[in-house]
1. Need pairs with beta-carbon distance below 8 Å; first residue of a type in the set (S, T, N, Q) and within segment 43-62, second surrounded by 16 or more Cβ atoms within 10 Å (Cβ to Cβ) and part of a strand (DSSP E or B); sequence gap 6+ or separate chains.
2. Can you find a residue that is touching a helix residue (DSSP H, G or I) at 6+ places or on another chain (Cβ under 9 Å), of a type in the set (Asp, Glu) and either within 21 Å of Asn114 (Cα to Cα) or at pLDDT below 95 (or both) anywhere in segment 54-66?
3. What are the residues in segment 44-82 that are surrounded by 17 or more Cβ atoms within 10 Å (Cβ to Cβ), among the hydrophobic types (A, V, I, L, M, F, W, C) and farther than 21 Å from Ile21 by Cβ, if any?
4. Cβ-Cβ under 8 Å, sequence separation 6+ or interchain: first residue in segment 12-24 and under 17 Å from Asn82 (Cβ atoms) and in contact (Cβ under 8 Å) with a residue 24 or more places away in the chain, partner surrounded by 10 or more Cβ atoms within 10 Å (Cβ to Cβ) and among the basic types (Lys, Arg). Which pairs?
5. Just for strands (runs of 3 or more DSSP E) wholly inside segment 1-92: which have at least 1 residues that are closer than 23 Å to Lys134 by Cα?
6. Take segment 132-141 and flag every residue that is under 15 Å from Val71 (Cα atoms) and either of a type in the set (S, T, N, Q) or without any contact (Cβ under 8 Å) to a residue 24 or more places away in the chain (or both).
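The values are calculated or read from the model by the stated rules, or taken from the named source; none is laboratory data. In this text the structure is predicted, and so the values were computed from the model without any measurement. Cβ placement follows ideal geometry from the backbone for every residue including glycine, while neighbour counts extend to all protein chains displayed.
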Amino acid sequence: MTEWKEYKLIDITEPIKETYIPNGSENLLYIGLEHIEQATLRLNGIGKSTDVTSNKFLFKLNDVLFGKLRVYFRKVVKPKFNGICSTDIWVFRAKEGFSQDFLFYFFANWDFVNLADGGEGGTRMPRADWNFLKHTVWNIPTLLEQKSIASILSSLDDKID
């Protein structure tokens with residue numbers, strides 16, 4: 001087994017907050033929390049930017065989207081397209097030296113979800129707290145091993161579909 005190292009989450013990734021201000025003329029794909037199935041890591045629909053009226057976050061192909069509201073629903077997806085999403089969804093890209101595919105499975109892992117759920121703020125609308133999560137420490141394999149793990153998990157996902 002190769003050597004795994006400890007990293008703070010902020011050393012692996014951090015939320016991308018590229019803002020989209022709706023103007024009514026662009027036709028972008030939109031993902032809200034309502035479009036992400038609970039716990040399945042799949043979309044159940046897609047909206048349009050022409051239907052939104054408030055600011056959203058931009059995301060790119062293969063970014064990891066993590067629903068930060070009521071984290072226990074495990075709303076995590078990796079869209080195969082560019083678009084916009086609710087500001088109740090974090091957009092993540094792996095930093096250099098880390099695999100984007102591995103990052104997706106990392107965020108989908110119930111250990112991470114449960115920790116994020118335990119560090120939520122707010123009572124009426126509990127949200128995951130990045131200021132808490134960014135300092136959590138995780139054992140992460142080498143980039144080569146990250147890619148191998150993600151490949152195996154992806155092939156299993158393909159069999160489930």
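1. Here the result reads Asn44/Ile36; Ser49/Tyr20; Ser49/Leu29; Ser49/Tyr30; Ser49/Lys56; Ser49/Gly83; Ser49/Ile84; Asn55/Tyr20, each pair linking segment 43-62 to a residue that is surrounded by 16 or more Cβ atoms within 10 Å (Cβ to Cβ) and part of a strand (DSSP E or B).
2. no
3. Selection gives Val64, Phe66, Leu69, Val71, Val76, Val77.
4. Within 8 Å, the pairs are Ile16/Arg93; Thr19/Lys56; Tyr20/Lys56; Pro22/Lys56.
5. 5-8, 13-15, 56-59, 64-67, 83-85
6. Phe132
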